[in-house]
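Below is one structure, written out as structure tokens; the observations come after it.
The values are calculated or read from the model by the stated rules, or taken from the named source; none is laboratory data. Keep in mind it's a predicted model, so treat the numbers as computed, not measured. Here Cβ is always computed from backbone atoms with ideal geometry, including for glycine, and neighbour counts include all displayed protein chains.
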Amino acid sequence: MAILSITFHTEEHKINDWNSFLEEELLAIIKNFSRKYIISEVESEMLSEGKNTNVLLFFDNQSDRIYFLENELPHISNKIFDKFSKSVLIFNTFLNKIESNI
């Protein structure tokens, strides 16, 4: 199993637009590329402005994750940039399993 964590940081003035995009477009995109996923709002004492949304994508193997990163994520990133410019930042984190009971 290979996991990709994608965090989207949205500036305060774009939160309503982001919520609509998340529900109307991003969720459908995520469902097309991963059978297993978790979408969450991030709560943090460090976050005082804006909103963070996290998407955990579970892939069967490293190759599938690499394929997604090289071929699908650029399209998603471009779509977000076209819609939000620099008001939504994207941060990728690779989670490499050490142990799991999932």
Legend entry - Subset of region 12-22 (residues that are modelled with pLDDT of 95 or more and either acidic (Asp, Glu) or in a strand (DSSP E or B) (or both)): 17
Inset, instruction - Keeping to region 46-91, report how many residues are loosely packed, with under 12 Cβ neighbours inside 10 Å and within 25 Å of residue 16 (Cα to Cα). - result: 11
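For (1) in contact with a helix residue (DSSP H, G or I) (Cβ under 6 Å, 6 or more places away or on another chain); (2) exposed (fewer than 11 other Cβ atoms within 10 Å of the Cβ); (3) not aliphatic (A, V, I, L, M), each residue gets a yes or a no:
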site	(1), (2), (3)
2	yes, no, no
13	no, yes, yes
33	yes, no, yes
37	yes, no, yes
42	no, no, no
Legend entry - Near pairs, Cβ below 9 angstrom, 6+ apart or cross-chain, from region 50-66 (free of Cβ contacts under 8 Å to residues at least 24 places away in the same chain) to any residue that is assigned to a strand (DSSP E or B) and not aromatic (Phe, Trp, Tyr): 63/2; 66/2
